[in-house]
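Taken together, the values in this text are just the output of simple stated rules run on the coordinates, not laboratory data. Here the structure is a predicted model, which is why all the values come from computation and not from measurement. Virtual Cβ from ideal backbone geometry, glycine too; neighbours counted across all protein chains shown.
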Amino acid sequence: MNTISIIGIILIISVISLLIKNYSPEYSILINIATGILVIAMLLNKLIPVIEQINGLLACSKIPKEYGTILFKCLGICIIAQFASDACRDAGEISLATKVEWVGKASIIIIAFSLFEKIIQVSLKLMGG
């Protein structure tokens with residue numbers, strides 16, 4: 001599916017969700033969440049060749065494979081946390097949305113900490129420390 005088709009689907013479902021929201025807000029939220037999952041699945045399907053290309057570039061370079069793994073994990077956390085945060089906002093739970101964002105940020109820091117540690121070690125070696 002191309003981008004225009006995906007945007008068209010989103011707009012149609014947005015109108016349907018808006019119409020349903022007046023009668024049953026619970027179903028409107030479920031429709032929005034299901035649409036989000038569908039859109040993410042369609043986008044991930046389109047991103048698979050790009051991810052394979054990035055993996056190929058990392059394999060050709062002298063960069064350790066774990067750096068690419070960290071990159072993809074952080075990217076996945078960003079996408080999932082943003083989706084969950086938006087779903088919470090749609091449900092009117094703004095404080096929960098903020099907490100989801102904080103959990104995502106903390107998870108990225110935890111995952112990327114080993115990378116930060118290696119950067120500091122290399123910096124210390126370059127400075128003669």
I want to make sure I understand the PRE zone here: with the label point 7 angstrom from the Cα of residue 34 toward its beta carbon, which residues in the range 1-26 have backbone N atoms less than 17 Å away? 9-26
Here the relative contact order (percent) of the range 64-129, from C-alpha pairs under 8 Å and at least 6 apart, is 34
Scoring the chain by relative contact order with C-alpha pairs under 8 Å, at least six apart, yields a percentage of 18
Among 56, 36, 68, which one shows the highest mean-square fluctuation when the chain is modelled as a Gaussian network with alpha-carbon springs under 10 Å? 56
If I require 24 Å or longer along the helix axis, counting alpha carbons, and a Kyte-Doolittle average no lower than 1.0, what helices from the chain are left? Use full DSSP H segments. 3-21, 25-60, 94-126
For the range 1-46: Kirkwood Rh in Å [reciprocal of mean 1/r, alpha carbons]: 10.9
Would you kindly work out the equivalent ellipsoid of the range 1-119 from its C-alpha gyration tensor and give its semi-axes, the square roots of five times the eigenvalues, largest first in whole Å? 34, 21, 7
Can you pull the three principal axis extents for the Cα set of the range 64-129, in Å, largest first? 54, 22, 11
